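The values are calculated or read from the model by the stated rules, or taken from the named source; none is laboratory data. Note that this is a predicted model, so its numbers are computed, not measured. Neighbour counts run over all protein chains shown; Cβ positions are idealised from the backbone, glycine included. Accessible surface areas use protein heavy atoms only, side chains included; no ligands, DNA or RNA. Shrake-Rupley method; radii C 1.70, N 1.55, O 1.52, S 1.80 Å.
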Amino acid sequence: IPETADPPADETPPPACLVTVEGGRFTDCSGPLRFIGVNIRGLTHYGGGDALPYAPASDIETSLSAAQDMGVEVVRVFAAYNGIDAARTGDRLEAALDAAAAHGIRLDVALTDFYGTTPFHPAGDDGYYETDSLGYVVLNQAFFDSGYRSNYLPFVLALAGRFADNPWVFCWELGNEIKNVPDPEVFIRFAADVAAQIRAADPNHLVTGGLIITRSAAMNHDQAVR
């Protein structure tokens, strides 16, 4: 087919300016993307009056303007809040994406928090947190074994499907600092399953695990490679 020909009717061209990886580097339709990022984890909930009641909606613009002035390309946000459902979460994320787009910034969307001391996890998942041997309240093995299918996975797929074509999503992050130290194999199965289902709902965006480092997740070399 000549390069100038239109694509066949049964093939849809990929959305413009989505971030991909080429030759080990992030890139979009304008060329290589230099990753400069910051955390503004509560951004999607500013103005909601619930998760962060003292953060007004105006803080969204204040924070993004400051990030743009710093040369930031990507802001990481925590999408989930256990006080609202997936639809309301999506509305908040959409507003944050629109605001970020006005500054030329993409969002790395973390889908849950490993730590139960924050409210940044999907509604219904409170019971999957317990205190570990170091005294931290964290997601337990029951979550990574099968519990994630109850609330977390439907929540994740709702967002992935809704924003599959939005170029201001940099990537989906399975969770902030997630791991399952008692049995890394359980975590690997969880990550593979969720990533595959995200890609089925949204074949356009990158997916990242969200681990600090594989060593902190008690993985050996072979497990880390997998």
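Observations on the structure shown:
- Any hit, the stretch 188-197, residues being of a type in the set (F, W, Y), assigned to a helix (DSSP H, G or I) and buried (at least 21 other Cβ atoms within 10 Å of the Cβ): yes
- Matching residues in the stretch 33-58 - criterion: being charged (D, E, K, R), under 16 Å from C171 (Cβ atoms) and loosely packed, with under 15 Cβ neighbours inside 10 Å: R34
- Count of the stretch 39-93 residues which are closer than 24 Å to N151 by Cβ and charged (D, E, K, R): 7
- The residue of the stretch 59-79 that is most open to solvent (accessible area, probe 1.4 Å), among those that are part of a loop (DSSP other than H, G, I, E, B) and over 15 Å from D113 (Cα atoms), is M70.
The rows are residues; the columns are (1) closer than 27 Å to A142 by Cβ; (2) touching a strand residue (DSSP E or B) at 6+ places or on another chain (Cβ under 8 Å); (3) free of Cβ contacts under 8 Å to residues at least 40 places away in the same chain.
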site: T27; (1), (2), (3): no, yes, yes
site: G31; (1), (2), (3): no, no, yes
site: A51; (1), (2), (3): yes, no, no
site: N82; (1), (2), (3): yes, no, no
site: T112; (1), (2), (3): yes, yes, no
site: G116; (1), (2), (3): yes, yes, yes
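- Filtered by the rule that a residue be farther than 21 Å from D113 by Cα and among the small types (G, A, S), the stretch 194-223 gives A200, A201.
- For the stretch 80-115, the candidate set comprises residues that are surrounded by 21 or more Cβ atoms within 10 Å (Cβ to Cβ) and assigned to a loop (DSSP other than H, G, I, E, B); within that set, the residue that is modelled with the lowest pLDDT is I105.
- Among residues of the stretch 150-181, those that are in contact with an Asp or Glu (Cβ under 9 Å, 6 or more places away or on another chain), within 18 Å of Y115 (Cβ to Cβ) and either of a type in the set (V, I, T) or part of a loop (DSSP other than H, G, I, E, B) (or both), counted: 6
Here's the yes/no breakdown for (1) touching a Cys at 6+ places or on another chain (Cβ under 6 Å); (2) farther than 22 Å from R88 by Cβ:
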{"site": "D108", "(1), (2)": "yes, no"}
{"site": "A123", "(1), (2)": "no, no"}
{"site": "V137", "(1), (2)": "no, yes"}
{"site": "A142", "(1), (2)": "no, yes"}
{"site": "N151", "(1), (2)": "no, no"}
{"site": "W168", "(1), (2)": "no, no"}
{"site": "N176", "(1), (2)": "no, no"}
{"site": "P182", "(1), (2)": "no, yes"}
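- Residue among N204, N176 that alone is closer than 18 Å to A123 by Cβ, touching a residue at least 40 places away in the same chain (Cβ under 8 Å) and of a type outside the set (A, V, I, L, M): N176
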